[in-house]
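The values are calculated or read from the model by the stated rules, or taken from the named source; none is laboratory data. Bear in mind the structure is a predicted one, so any value in this text is a computation, not a measurement. For neighbour counting, all protein chains shown are included, and Cβ atoms are generated from backbone atoms with ideal geometry for every residue, glycine included.
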Amino acid sequence: MHLQSVEVSQSPEEKFREYLASRPRAQRFTEQQRDMVNYIFSKHNHFDADSLIEDMKREGFQVSRATIYRTLNKLVDAGLLRRLDVGPRMYYEHDYGYPQHEHLVCQRCHKMIEFQSPAIEDVVRDVCRDHLFHFEGHSFVIRGVCNECNRARMTKSRLDLV
């Protein structure tokens, strides 16, 4: 499933600039941060910090490891990115400009499948209402084995019987 972006009032760069300026101690928006925000939001994919560092360096950007990690945390705090805890590494995805959605994660090939479910949204809303809980967001990850990996495993199992 490909998620359609939703209309937003500001670009990710503008929203991040606003976030930095509104901090108790205003922070400046650096060229490295600008490159990083624009690079991250130029594609819709799930990524971890190490792959972001490698990809940006491969494309000629000069961004330090420390800047990447600090900026990722700020982008999450600003509501631009969402952290996904799906195993040994922390992954990130766009949170700004995309609708609420959930994930299926293959434990073998690590493929992530995004999906939307009104039924899940209804349950979350009802549970929060029942507990007088102020809802700000959620992350729902289902771990398992994707169809391709399951099919490969079944084929291998059949060959083992021969």
Return yes or no: is ILE142 loosely packed, with under 12 Cβ neighbours inside 10 Å, over 19 Å from PHE16 (Cα atoms), of a type outside the set (Ser, Thr, Tyr) and in contact (Cβ under 8 Å) with a residue 40 or more places away in the chain?
-> yes
Go through the stretch 1-116 and tell me which helices (runs of 4 or more DSSP H), entirely inside it, have 2 or more residues that are closer than 21 Å to PHE135 by Cα and among the hydrophobic types (A, V, I, L, M, F, W, C).
-> 65-77
Taking the stated definitions as given, is TYR96 aromatic (Phe, Trp, Tyr), within 20 Å of ARG17 (Cα to Cα) and either modelled with pLDDT under 90 or not assigned by TED's automatic domain parsing to the domain that holds ALA152 (or both)?
-> yes
Residues (hydrophobic (A, V, I, L, M, F, W, C), over 12 Å from TYR92 (Cα atoms) and either at pLDDT below 95 or in the same structural domain as ILE113 (by TED's automatic domain parsing) (or both)) located in the stretch 27-60 | PHE29
Considering each of ARG108, ARG83 in turn, give the residue that is under 23 Å from TYR39 (Cα atoms), of a type in the set (D, E, K, R), touching a helix residue (DSSP H, G or I) at 6+ places or on another chain (Cβ under 7 Å) and at pLDDT below 95.
-> ARG83
